[in-house]
């Protein structure tokens, strides 16, 4: 079901239809959910005051908190009515009733849900990879992986753990692995690698079937202590190797950090290496590329 919030800049006349048309072109049944919306002031100053008042209903939680929207009751009523209608007429629409649903604050009882927040239309490929992962669509498994230039295949769809505590990361990763995910992303700076590693072990899934990505913080590659930092990371994750390891930021002695990553690849502790956030400064990125003995992993054309 395609959700359309029907706001000032996303009108009832167009909102949701482009996405629904894409779903139809892929062979899916798509339904556009239209919410009731409040009438907004026409004058710009009045509209800005209206928005400011609405935004007061959000609670800013900072880096460790959440944003809790003040969702009006009628939004839930509309969602429930839409789901009930489609399920009631599922036979007419040739869809399975148990595959229709919208999840709101009910992670243990709702159907699987793919949520994407994007300013462009780059999400369809990620959505298809998610469906392949859950075996909702039958396509070659090779289409759900990225072929890297070092000959390694990386699962395309993964779970990120940024802003998750150790326990939250553990619970989310364990659920994701049981649901079919095989790519988990963490970092030293996230301070939740132990939770990720514990979930991987608890899942019972062979380690070689799970792709673990992590990142070294600038303090890890300062003063040539990369080897020790990677050893500690392996201990936190409870694994003998890391599938993909990034330099997290282009700060400090990043070239020493890169040399350390190359040494880790040669030692068998890391399978692929890369750069994170270096696109903020192309000169630094170009420097690493020019001096690298082992180049950053990237998608290869086959």
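For the reader, a short list of remarks on this structure follows.
Every residue, every condition in (1) within 16 Å of the chain's Cα centre (by Cα); (2) farther than 24 Å from residue 262 by Cβ; (3) outside the structural domain of residue 164 (by TED's automatic domain parsing), yes or no:
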residue	(1), (2), (3)
180	yes, yes, no
184	yes, no, no
187	yes, no, no
201	no, yes, no
216	no, no, no
219	no, no, no
233	no, no, no
242	no, no, no
245	no, no, no
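- Residue within the stretch 15-32 that is over 30 Å from residue 164 (Cα atoms), touching a strand residue (DSSP E or B) at 6+ places or on another chain (Cβ under 6 Å) and at pLDDT below 65 present: yes
- Single match in 257, 268, 252 (criterion: free of Cβ contacts under 8 Å to residues at least 40 places away in the same chain, over 24 Å from the mean Cα position of the chain (by Cα), farther than 21 Å from residue 154 by Cα and in the same structural domain as residue 224 (by TED's automatic domain parsing)): 252
- Residues of the stretch 239-287 that turn out to be in a strand (DSSP E or B) and modelled with pLDDT under 95, as a count: 0
- Qualifying positions in the stretch 237-259 - under 25 Å from residue 169 (Cβ atoms) and touching a strand residue (DSSP E or B) at 6+ places or on another chain (Cβ under 9 Å): 237, 239, 241, 242, 243, 244, 245, 246, 247, 248, 249, 257
- Residue 176 surrounded by 18 or more Cβ atoms within 10 Å (Cβ to Cβ), touching a strand residue (DSSP E or B) at 6+ places or on another chain (Cβ under 7 Å) and modelled with pLDDT under 95: yes
- Filtering the stretch 14-45 to residues that are out of contact with any helix residue (DSSP H, G or I) (no Cβ under 8 Å at 6 or more places or on another chain), in a helix (DSSP H, G or I) and under 23 Å from residue 95 (Cα atoms) leaves 17, 18, 19, 20, 21, 23, 24, 25.
- Annotation note: Cβ proximity below 9 Å between a residue of the stretch 276-292 that is touching a residue at least 60 places away in the same chain (Cβ under 8 Å) and not assigned by TED's automatic domain parsing to the domain that holds residue 247 and a residue that is in a helix (DSSP H, G or I) and surrounded by 13 or more Cβ atoms within 10 Å (Cβ to Cβ) (sequence gap 6+ or interchain) occurs for no pair.
The values are calculated or read from the model by the stated rules, or taken from the named source; none is laboratory data. Quick caveat: nothing in here was measured; it's all calculated off a predicted structure. Ideal geometry is used to build each Cβ from the backbone, glycine not excepted, and the neighbour counts take in all protein chains shown.
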